[in-house]
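Please read the structure below before turning to the comments.
The values are calculated or read from the model by the stated rules, or taken from the named source; none is laboratory data. A quick note: this is a predicted structure, and the numbers were derived from the prediction, not measured. Every residue, glycine as well, gets a Cβ built from its backbone with ideal geometry; the counts of neighbours run over all protein chains shown.
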Amino acid sequence: MQSIQQVMGAPNARSKENVMATDNAVSALGKTIEFHSDSIGDRAVAMQAFLSYLPVTGDAAEGAVVHTRLLTFLENGEPVVFENPEQWLPKILNVLAEVLDTEAFDEGGSARWKQLMLRLQQDAHLGGITAKAFQSLDASGQSKINTLMAA
């Protein structure tokens with residue numbers, strides 16, 4: 001875990017020379033959280049590192065995998081996100097807006113993302129936070145998410 005987090009946290013992690021390795025490290029972190037969380041120590045710290053690095057766009061194929069894994073975490077009620085939605089929902093909507101219509105987004109997950117967004121909007125507590133996060137997006141991001149929701 002330390003090695004993965006060192007790769008992700010390196011000052012030049014997103015440089016052209018390193019972005020592919022860094023994106024793969026993020027993916028490895030997500031897989032470890034999902035499948036071996038008992039072996040990573042503080043799961044919440046690992047999840048925060050995973051969320052903080054997103055979006056993964058340097059390696060588009062890996063990005064599609066990572067963003068689908070994010071969706072799975074959210075569908076499963078990821079505690080780090082839903083215990084502090086004011087911090088993480090704006091980040092997640094920004095990630096979604098940035099990767100929609102790119103190779104870093106798996107179109108096969110569109111219906112799942114739409115269902116998640118509807119669930120967030122309809123939740124008594126999360127609906128207002130989601131609406132505020134949506135309003136904070138630029139016009140392009142709002143348009144992309146609106147298109148997803150209209151499909």
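Taken over the range 1-43, residues that are among the hydrophobic types (A, V, I, L, M, F, W, C), surrounded by 12 or more Cβ atoms within 10 Å (Cβ to Cβ) and either within 17 Å of Leu70 (Cβ to Cβ) or in contact with a Leu (Cβ under 9 Å, 6 or more places away or on another chain) (or both) amount to 9. Residues that are among the acidic types (Asp, Glu) and at pLDDT 95 or above number at least 3 in none of the helices (runs of 4 or more DSSP H) confined to the range 60-136.
Determine, yes or no, whether Leu93 is within 29 Å of Ala28 (Cβ to Cβ), aliphatic (A, V, I, L, M) and touching a helix residue (DSSP H, G or I) at 6+ places or on another chain (Cβ under 9 Å). Write out each step before concluding.
Working: within 29 Å of Ala28 (Cβ to Cβ): yes; aliphatic (A, V, I, L, M): yes; touching a helix residue (DSSP H, G or I) at 6+ places or on another chain (Cβ under 9 Å): yes.
Here the answer is yes, as Leu93 does meet what is asked.
A residue that is in a loop (DSSP other than H, G, I, E, B) and closer than 22 Å to Phe134 by Cα occurs nowhere in the range 31-51. Among the residues of the range 1-30, the ones that are more than 19 Å from the chain's Cα centre (by Cα) and assigned to a helix (DSSP H, G or I) come to 3 in all.
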